[in-house]
Structures are given as structure tokens and as C-alpha cells.
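Down below is the structure, laid out as C-alpha cells.
The values are calculated or read from the model by the stated rules, or taken from the named source; none is laboratory data. If you're wondering where the values come from, they're calculated on a predicted model, not measured in any experiment. With ideal geometry, Cβ positions are generated from the backbone for all residues, glycine too; neighbour counts draw on all protein chains shown.
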Amino acid sequence: GGATIEIPVAVHFMTGNTNDRACLEALAQRQIDVLNADYSASNTDISTWNAIADNYVGLDAPGVANITFCLATSNHPAAVPQLVEGQPAVTIGYNFANGSGFPETDVNFQGYMNFVVKPLNGLLGYSPLGGSVANGAAVVIDPSTFGTGGGCANGIAPSSPYNLGRTTTHELGHFYSLRHTFNGDATQGDPNAVCGSGTGDGIADTPEVASATYGCPSNPTPFACNAPERRLTMNYMDYVNDACMYMFTPGQANQVDAYIAGVLASAFK
Ligand code: ARG
Ligand code: ZN
Ligand code: CA
């Protein structure tokens, strides 16, 4: 791959307590640490993959994207009153410019990669498929799935089995154009979907599967649609528990790199 691109991230805790800033900043930093590990295949549990990879056709090496993340410290959209130049770009209780309905974009956050942490009433997180940093788009994460380790006040606390920060890894995958490995089945998770019925994820090295996998399957996993390929349930773009997803494929990492390269090319033309 090419040179590594560093992506500054702003984090917005919509229901946070301003007295809890130190805790929330530390939580945000731990989420950044998870992303840096997961997108470079230097997560500690990549060892689980390395131990079983021989069972997976053509997938010896996991995917490594040429990106790293950091908490932004530049208040370049100076309109955001809560951001202080040189301090982590973490807002607490900020009201989005487009209201409370669907805060995926905000005019004040253009130029940042944004994470919005707000209660989603049962959803773990969501993201646009192919998001635009230039437009101030955001990945939205429920407070029970953001970050890892100890939580903060107001229920902003990672909760098992989604307490390893992998919901953000997954949603960011969507932001960078990755589809679910089971994409195209009738209901995006229909357990009765059949092979050949879906459109797939458009990535050659992720085996075709008809449906999502939940929980934590034992390894090696069952055959996928085309044996001897096996279901890649440990992929970040499936639906298993945080502890049971630990890899991207090279094809996915290449698509992420290509998406980011395209965004940068158009932004600086
Ligand atoms: N259901 C959500 C989505 O489709 C997130 C799934 C994340 N899974 C996890 N183990 N954290 O975008
Ligand atoms: Zn998803
Ligand atoms: Ca595929």
C-alpha cells in the first residue's frame, strides 16, 4: 500500500455531562485506539485469526488499511463554541444544526470525521454508506457500544457483548463504503435466506453467505455458499459479538483505501 493517512476525528456526546469531560475524552481516546488497532490488523485478537486462517481459502493475511486515527485538536470550524484550539475536539451536549431528528451531518462539523454518541433505542449504531467528511457527515453510535473499558456518567458506558469498540469499527467500515458480508439477503439478516439470492458485498475475497451470523460461533466456522470456502463470521462487517469479530480482508482494506483516496482527490482538486 501507499503512505498512511491520518484521519482527525471529532467526537460528540449528545447526552454527556460537561462535568465528566475527562472521562469522556479518555473513552473517546480508547475508541480511537481500537480503530487504530483494527484497521491495521494490530489488534491483539488478530492472533485468533492467525491460528485458524489455514481453514479459510485464500485468506492467510488479514487486510491492513493505510489509515490511522487521532482525536482532532484543531477548531477549524471556529463556529463550534465548545471546541478549544489545541484541546481534543470532543463536544458534550452540543445541539446539532439540523436538529434532533437525524444528526448525520452538521454544517459546523465540515472537515472532520465525526462520531456522534447518542441513544438509538435498540440500534447499536448506524452510518451512511460512503460518508462525506467534507459535508460534516457522522457515524452515529449508541452510548452502550461506544469505546471500551470503564464507562462515564449518564449511561455512556460500553456494555457486554458490544463493549470492545467494534460497533464503531463496523460503522466506519460502512462510512468507507463497505457493505455487510451478507449484503442483499431479503432482510439484511434473514436466517432463511438462500445462497444466490443476494447481491453480495461486491468484494471478491469475502465468501458469499446468504445471511448474517450473530453471537459467537466456534471455529472453524461452517461452509459458506461455495464450499470449501467458510463463513467469514469473524469479519468486522458481519453481526457477531465484539469479541468474535477481529478482521477485515485485504479486499475490504483495499476498498477502504480506495474510497479515502477518492475523497481526498475530490476534496483538494
Ligand atoms: N447492526 C449494526 C449495523 O448494521 C451494527 C452491528 C455491530 N456489531 C457489533 N458486534 N458491534 O450497522
Ligand atoms: Zn452494518
Ligand atoms: Ca464477497
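Quick notes on this structure:
- Residues in the range 213-238 that are charged (D, E, K, R), more than 16 Å from ligand 1 (Cβ to nearest atom) and assigned to a loop (DSSP other than H, G, I, E, B): 1 in all.
- Candidate set from the range 239-269 (those that are surrounded by 21 or more Cβ atoms within 10 Å (Cβ to Cβ) and not in a helix (DSSP H, G or I)); member that is nearest to ligand 3 (Cβ to nearest atom): THR249
For (1) away from ligand 3 (no atom under 16 Å from the Cβ); (2) within 11 Å of the chain's Cα centre (by Cα), each residue gets a yes or a no:
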residue: PHE115; (1), (2): yes, yes
residue: GLY125; (1), (2): yes, yes
residue: VAL140; (1), (2): yes, yes
residue: GLY150; (1), (2): yes, no
residue: GLY155; (1), (2): yes, no
residue: THR181; (1), (2): no, no
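- Among residues of the range 187-211 that are within 10 Å of ligand 3 (Cβ to nearest atom) and among the hydroxyl-bearing types (Ser, Thr, Tyr), those with a beta-carbon under 7 Å from a residue that is at pLDDT 90 or above and part of a loop (DSSP other than H, G, I, E, B) at least six positions away or on a different chain give the pairs THR206/THR181; THR206/LEU232; THR206/THR249.
- Close pairs (9 angstrom Cβ cut-off, 6 or more residues apart or separate chains): among the basic types (Lys, Arg) in the range 166-178, more than 16 Å from ligand 3 (Cβ to nearest atom) and assigned to a helix (DSSP H, G or I) anywhere: ARG166/VAL34; ARG166/ASP38; ARG166/ASP242; ARG166/ALA243
- Residue match in the range 126-138 (condition: within 14 Å of ligand 1 (Cβ to nearest atom), modelled with pLDDT of 95 or more and part of a loop (DSSP other than H, G, I, E, B)): no
- Selection within the range 194-224: residues that are polar (S, T, N, Q) and away from ligand 2 (no atom under 15 Å from the Cβ). The member of this set that is modelled with the lowest pLDDT is SER197.
- Subset of the range 105-122 [closer than 15 Å to VAL263 by Cα and either of a type in the set (S, T, N, Q) or at pLDDT below 90 (or both)]: GLN110, GLY111, TYR112
- Every listed requirement among (1) within 17 Å of the chain's Cα centre (by Cα); (2) in a loop (DSSP other than H, G, I, E, B) is met by THR199 save one, (1).
- Boolean, ALA89 is more than 16 Å from ligand 3 (Cβ to nearest atom), at pLDDT 95 or above and buried (at least 22 other Cβ atoms within 10 Å of the Cβ): no
- Options THR18, THR48; residue that is among the polar types (S, T, N, Q), farther than 28 Å from GLN110 by Cβ and more than 14 Å from the chain's Cα centre (by Cα): THR48
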